[in-house]
Each structure stands twice: as structure tokens, then as C-alpha cells.
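Student: What follows is a single structure, and I will ask about it in a moment.
The values are calculated or read from the model by the stated rules, or taken from the named source; none is laboratory data. No experiment lies behind these values; they were computed from the predicted model shown. Glycine also receives a Cβ, built like all others from the backbone with ideal geometry; neighbour counts cover every protein chain displayed. Each accessible area value is taken on the protein alone, full model and side chains, heavy atoms only, with ligands, DNA and RNA left out. Shrake-Rupley method; radii C 1.70, N 1.55, O 1.52, S 1.80 Å.
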Amino acid sequence: MSLIHVVAGALQDAQGRVLIARRPMGVHQGGLWEFPGGKLEPGETPLRGLARELEEELGIRVLATRPLIRVPHDYGDRRVVLEVHRVTAFAGEPVGREGQPLAWRHPEDLDPGVFPAADRPIITALRLPSCYLITGDDPAEPAVFLARLARSLAGGVRLVQLRAHGLEDADYAGLAIAAGVLCQQQGARLLLNRDPARARGLAGDGLHLTGQHLAGLSERPRDWGLVGASCHGAVDLARAADLGLDYALLSPVKPKSPHPGAPHLGWEGFAVLVEAARLPVYALGGLGPGELDRAIDRGAQGIAAIRGLWSA
């Protein structure tokens with residue numbers, strides 16, 4: 001079965017809405033909504049193909065793009081890989097030049113059920129920020145901890161994992177409530193890093209699974225808005241996607257130890273693993289905001305970090 005290589009563009013307007021188009025009836029996945037784009041021609045680069053497709057479909061000229069996500073998907077009767085770019089600047093007003101209906105929608109308002117299955121990770125990627133904070137020191141000193149969290153949120157962090165393994169359940173629950181209030185005030189989401197059974201009933205916007213928790217699950221934890229997991233290789237990434245998780249943290253990109261030969265993925269190893277992933281992946285391990293562009297260029301959703309994002 002041959003692989004169909006498709007490029008698509010996520011155009012966003014000044015209000016943060018993204019442009020979607022409805023597929024014609026009578027074609028594969030006909031009647032569903034999609035992100036504008038189409039098949040690459042032989043020998044065509046993805047960016048050249050994207051520019052051609054958006055000019056043909058929408059009548060616009062692409063001026064600037066940024067990688068968003070690459071999604072391989074097997075429909076059973078065909079295999080596709082979707083290479084999706086944010087279109088950060090374009091000239092012209094998009095119109096359905098092929099008669100296709102168009103609509104502008106906020107990413108949070110998109111219904112994955114009316115999109116082809118291969119497009120659904122794109123919706124998740126559009127909803128996720130590029131920087132993901134894992135909380136660091138001082139969870140046993142709530143005042144210090146919360147002050148640092150407040151500074152990180154004021155600096156622009158919008159996705160926070162509450163990592164405090166050393167706390168007893170009651171203390172963790174209390175910290176989650178206080179951290180959740182701070183996150184809500186800044187429009188950020190709080191993810192709980194706790195055993196799913198022990199996290200049930202706690203205040204949070206989602207759940208983060210350790211590698212051990214991921215390996216022990218047979219289905220996605222229920223009743224959680226956003227669920228992700230720590231991954232260290234291709235098997236973990238495949239399992240996270242099979243369980244229908246929303247994102248993965250892939251580490252370590254850089255060595256944890258300063259000694260030569262310490263095990264780590266490196267950027268090229270990271271890029272190889274992400275190329276086959278079927279969900280948004282954050283790069284983790286010795287990274288800071290200065291390496292965000294490099295991470296995105298290697299296929300990442302963005303970076304996840306403790307020291308690199310945890311306010312001093």
C-alpha cells in the first residue's frame with residue numbers, strides 16, 4: 001500500500017480563529033471538515049506544495065509558515081502522512097475557489113468528530129501552547145512554591161504539570177487547589193502528576209502519567225480533560241497514541257549527567273522518533289526557551305522544562 005503525502009495549512013486570523021474547509025461529497029472522507037491543503041506532486045517540497053495548494057484552493061499567497069505537526073495515519077484502505085504548518089502570514093482573502101464551504105473557528109470550538117481521524121491530532125496541537133512547565137522545588141513550602149508558580153504564569157506559561165511526588169495525598173490535594181486558582185486567574189491549565197486512582201476527585205484540568213502508569217494502562221483514564229504521558233522511546237509513543245492520549249513528553253533530549261556518554265536522544269534522535277509519532281510531542285531534558293525554535297523545527301509541539309521555565 002503506497003503512502004500518500006499530504007500538506008495542510010493552519011491559517012489563523014487576528015481573533016485566533018483557524019480556517020477550515022469542508023471536503024466534497026463522493027471523495028474519501030467526503031462531507032467532513034479539514035484543514036486546507038492537498039497531495040504533494042512528485043518531487044515537490046512540502047513548503048512549495050503548501051504554497052501551491054493554498055493558492056489553488058483559497059486564492060492566497062503564503063508569506064511565512066512554521067511547522068505545527070506531522071501525522072502518520074493508516075485508514076485501512078490507504079496510508080497517509082499529513083505534514084501541517086501554521087501559516088503565520090499570507091496575502092489575500094481566503095475564498096473557496098473550488099466551491100468548498102469555509103469557516104473560521106476557534107480551536108477550542110472545533111469538534112474532532114466532524115474531521116477525518118488523521119486531522120484530530122492537529123486540533124489538539126492547535127489547542128496546546130508551545131511551553132509546558134513542570135513544577136520544581138519547594139512543594140513542601142506552599143507559600144514559596146506558589147509565589148514561584150505565580151511568577152512563571154505572569155511570564156506567559158499556560159500549561160503546568162503539578163509534580164510533587166514527595167507530598168502526602170492531603171497536602172498534594174491542598175496544593176492542587178491553590179495552584180489551580182493561580183492557573184485559572186491567568187487562563188492556564190493545571191495537570192496533575194499523580195496515580196490516576198489517587199488523583200480522582202482532585203482539582204485539575206488534566207492528568208499527566210508517568211512511564212510506569214502509561215505501561216500499566218489498558219485504556220485512557222476517564223473523566224479527565226487533557227491526558228498526556230512521559231515517554232522515552234518509540235514503544236512509549238505508540239502506546240500513548242493507541243490509548244488516545246493528547247500529548248507526550250519525550251526525553252531526555254540532552255544528557256542528564258555532565259559525564260561524556262550519558263544516555264540521551266540528541267536532537268536528531270528526537271526528530272526521528274517524533275516523525276513516527278501520532279500525537280503532539282514536547283521535547284524535555286535540559287531545555288529552555290532559547291531552544292524553542294530548534295525544538296519546533298525538529299517536529300516538537302514545543303518544550304517542556306522544570307529549571308528552564310520555573311521562575312527563580
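Student: Of the trypsin sites (Lys or Arg not before Pro) in region 89-168, which ones lie in a loop per DSSP and count no more than 15 other C-beta atoms within 10 Å?
Tutor: Numbers: sites: Arg97, Arg105, Arg127, Arg148, Arg151, Arg158, Arg163; in loops: Arg97, Arg158, Arg163.
Within region 89-168, the qualifying trypsin sites (Lys or Arg not before Pro) (loop, at most 15 other Cβ atoms within 10 Å) are Arg97.
Student: Can you give the alpha-carbon Rg of region 52-112 over 2.2 N^0.38 Å, where N counts its residues? Don't skip to the answer; put the middle values down first.
Tutor: On the way: Rg = 13.8 Å, N = 61, 2.2 N^0.38 = 10.5 Å.
Normalised by 2.2 N^0.38 Å, the Cα Rg of region 52-112 equals 1.32.
Student: So, one more: How many angstrom lie between the Cα centre of region 267-311 and the Cα centre of region 157-187?
Tutor: If you average the Cα positions of each part, the centres end up 23 Å apart.
Student: Report the per residue volume, in Å³, of the convex hull enclosing the C-alpha atoms of region 152-223.
Tutor: Values: hull volume 6.8 nm³, N = 72.
For region 152-223, the hull spanned by Cα atoms encloses 95 Å³ per residue.
Student: If you count only protein heavy atoms with a 1.4 Å probe, what accessible area per residue comes out for region 122-236, rounded to a whole Å²?
Tutor: Values: 5170 Å² over 115 residues.
The answer is 45 Å² per residue.
Student: Further question: With labels modelled as points extended 7 Å from the Cα through the Cβ direction, what inter-label distance (nm, one decimal) is found for Ala197 paired with Asp77?
Tutor: A separation of 4.5 nm, rounded to one decimal place.
Student: Per 10 Å bin, what is the whole-percent P(r) computed from every C-alpha pair distance within region 1-144?
Tutor: 11, 40, 31, 9, 6, 4, 0
Student: At most 13 other Cβ atoms within 10 Å and a DSSP loop assignment: could you name the trypsin sites (Lys or Arg not before Pro) in region 215-312 that fit? Intermediate values should be presented prior to the final figure.
Tutor: Details: sites: Arg222, Arg239, Lys256, Arg278, Arg294, Arg298, Arg307; in loops: Arg222, Lys256, Arg278, Arg298, Arg307.
In loop regions of region 215-312 (DSSP not H, G, I, E or B), the sparsely surrounded trypsin sites (Lys or Arg not before Pro) are Arg222, Lys256, Arg307.
Student: With +1 on each Lys and Arg Cβ and -1 on each Asp and Glu Cβ, how big is the dipole of the chain about its Cα centre, in debye rounded to the nearest 20? Walk me through the intermediate numbers first.
Tutor: Values: 33 positive and 35 negative charges, 47 e Å.
With Lys and Arg at +1 and Asp and Glu at -1, about 220 debye.
Student: Considering all projection directions equally, how large on average is the shadow of the alpha-carbon convex hull of region 155-312, in square nanometres?
Tutor: On the way: hull surface 39.4 nm².
Result: a mean projected hull area of 9.8 nm².
Student: Which of the peptides 26-36, 116-126 is most tightly packed, and how do the rest follow, judged by the mean count of other Cβ atoms within 10 Å per residue? Mind showing how you got there, number by number?
Tutor: Numbers: 26-36: 15.5, 116-126: 20.9.
My ranking of the peptides, most packed first, is 116-126, 26-36.
Student: Any idea what Rg and Dmax come out to for region 92-229 if you just take the C-alpha atoms, in Å?
Tutor: So, for region 92-229, Rg and Dmax equal 18.1, 61 Å respectively.
Student: What full-extension length gain, to one decimal in nm, is calculated for Lys39 and Ala140 as 0.36 nm per residue of separation minus the Cα-Cα distance? Walk me through the intermediate numbers first.
Tutor: Numbers: separation 101, 0.36 × 101 = 36.36 nm, distance 5.38 nm.
Roughly 31.0 nm would be gained on extension.
Student: Once the Cβ-Cβ distance between Leu32 and His5 is put in as r, and R0 is 30 Å, what FRET efficiency do you end up with, to the nearest 0.05? Please list the in-between numbers first.
Tutor: Values: r = 20 Å, r/R0 = 0.66.
Computed FRET efficiency for Leu32 and His5 comes out at 0.95.
Student: Taking the Cα centre of region 73-112 as origin and charging only Cβ (+1 Lys, Arg; -1 Asp, Glu), how large is the dipole, in debye to the nearest 20? Spell out each step's value before the answer.
Tutor: Details: 5 positive and 8 negative charges, 33 e Å.
With Lys and Arg at +1 and Asp and Glu at -1, about 160 debye.
Student: In region 200-296, which GluC sites (Glu not before Pro) are in a loop and have at most 15 other Cβ atoms within 10 Å, using DSSP for the loop call? Before the final figure, lay out each step's value.
Tutor: Working: sites: Glu219, Glu268, Glu275, Glu291; in loops: Glu219.
The qualifying sites are Glu219.
Student: Hey, if we sort Leu175, Leu265 by accessible area with the 1.4 Å probe, largest down, what's the order? Each step should come with its number before you reach the end.
Tutor: Values: Leu175 10, Leu265 45 Å².
In descending accessible area the options line up as Leu265, Leu175.
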